[in-house]
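**Student:** Dumping the structure here so I can ask a few things about it.
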Amino acid sequence: MRRCKAPNCTIELQPAAKCSDIIEKKGFCSVECLANNAKDKRITAQAKVERKATQVAREKLKTRTEHLKDAQRWFNKWVRLRDAGEPCISCGKPSKKENAGHYRSTGAAPELRFEPLNVHLQCEHCNTYLSSNAIDYRINLIKKIGVDKVDWIEGLHAPKKYTIADAKVIKAQYKSLCAEMESNKNSD
């Protein structure tokens with residue numbers, strides 16, 4: 001025996017091979033159940049279209065700050081994927097909650113906000129509660145990338161004011177890199 005395919009129907013049907021009625025062969029007990037199922041699918045499809053329209057409208061209303069937050073979220077995820085399995089750059093301990101910690105903060109050097117050399121895996125404790133644990137971060141950063149690159153990070157840089165278009169490009173770039181890294185990780 002098998003149940004009717006309509007979501008709220010509990011009627012049991014004979015196996016499909018024994019059914020003579022075409023509606024029963026499709027898995028429904030009656031024309032009403034078949035019609036209700038089609039109606040439910042139309043309502044679901046319509047809801048999907050409405051959600052997509054709402055999503056597009058919200059995207060148009062986003063501010064530059066919101067676009068930068070989206071880009072930052074994907075960049076940080078990429079850093080966590082890139083550095084997966086490594087210990088915290090500051091304290092050297094494995095972390096339960098991993099953060100993408102900036103050596104030079106986005107407030108101090110906004111032009112380095114999306115610079116991969118400036119951002120590494122950090123534990124929640126060092127990043128949040130010790131304000132990035134900068135001294136240990138610098139020592140371990142020199143070991144990781146070399147003194148020349150650390151000097152470059154600490155040096156002067158041209159100011160950068162990210163536009164909405166910049167943020168969208170950065171978000172798309174790191175979103176695709178994350179997807180690629182995750183697919184490579186899953187294929188291993």
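The values are calculated or read from the model by the stated rules, or taken from the named source; none is laboratory data. Model, not experiment: these values are computed from the prediction. Note that each Cβ is placed from the backbone with ideal geometry, even for glycine, and that neighbours are counted across all protein chains shown.
**Student:** In the same structural domain as ASN76 (by TED's automatic domain parsing), in contact with a Cys (Cβ under 9 Å, 6 or more places away or on another chain) and of a type in the set (Phe, Trp, Tyr): which single residue out of TYR174, TYR137 fits that description?
**Tutor:** Answer to the selection: TYR137.
**Student:** Do we find a residue being surrounded by fewer than 16 Cβ atoms within 10 Å (Cβ to Cβ), assigned by TED's automatic domain parsing to the domain that holds LYS160 and over 21 Å from the mean Cα position of the chain (by Cα) anywhere in the stretch 114-123?
**Tutor:** yes
**Student:** Please find, within the stretch 103-113, the residue that is farthest from LYS144 (Cα to Cα) out of those that are under 23 Å from the mean Cα position of the chain (by Cα) and surrounded by fewer than 16 Cβ atoms within 10 Å (Cβ to Cβ).
**Tutor:** Filtering first and then ranking leaves THR106.
**Student:** Still on this structure, I have one more. Within the stretch 131-149, can you find the residues that are of a type outside the set (Ser, Thr, Tyr), surrounded by 17 or more Cβ atoms within 10 Å (Cβ to Cβ) and in contact (Cβ under 8 Å) with a residue 40 or more places away in the chain?
**Tutor:** ASN133, ASN140, LEU141 - these are the residues of the stretch 131-149 that are of a type outside the set (Ser, Thr, Tyr), surrounded by 17 or more Cβ atoms within 10 Å (Cβ to Cβ) and in contact (Cβ under 8 Å) with a residue 40 or more places away in the chain.
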